[in-house]
Amino acid sequence: MNVALAYTLFGATTSTLVTAALFITYLRRLAVKEEEAAGCEGCNTLRSEVEGLRQGYDALRAGLYSLEATVASTPSGYTVRPSLNLAKRSRILRQHRRGESAKSIATALDVPRAEVDLLLKIHQLELRNPNVAGT
């Protein structure tokens, strides 16, 4: 083999390897830029989601202030009745088992008739389907 030919082949091989290395480096940089661009798109998506959450928070906050203003403007003579406690519920059911009417139970215990009716209906449903009572 001729020395000149060997140097030519060595130079060509080296040149090809360097070119391949440069091309691989270029492809890698291109991939990194694409990943960075995708990361920025992810950031933009997150930013838009955060902005949407911020707007939702502001809307809820405005609704809360509106509700507070409504409560503050409620007439002071309005009173909220306490819900039925366990003792009153037991009395209602006991009097119903004794045969008293819903009207007389409501009058005797100073409970709205609608609450007595509702409690009795729920109790009847529980008696028909005892599995529902546990859930």
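Odds and ends about this structure:
- Only lysines eight or more places from Lys88 in sequence, or on another chain, were considered; those with a Cα closer than 17 Å are Lys103, Lys121.
- Pair Ala38, Thr19: separation of 7 Å Cα→Cβ label points (nm): 3.1
Every number here is computed from the coordinates shown, using simple stated rules; none is lab data. Quick caveat, the model's predicted, so the values are computed rather than measured. Don't worry about glycine lacking a Cβ; one is built from the backbone with ideal geometry, like all the others, and counts go over all protein chains shown.
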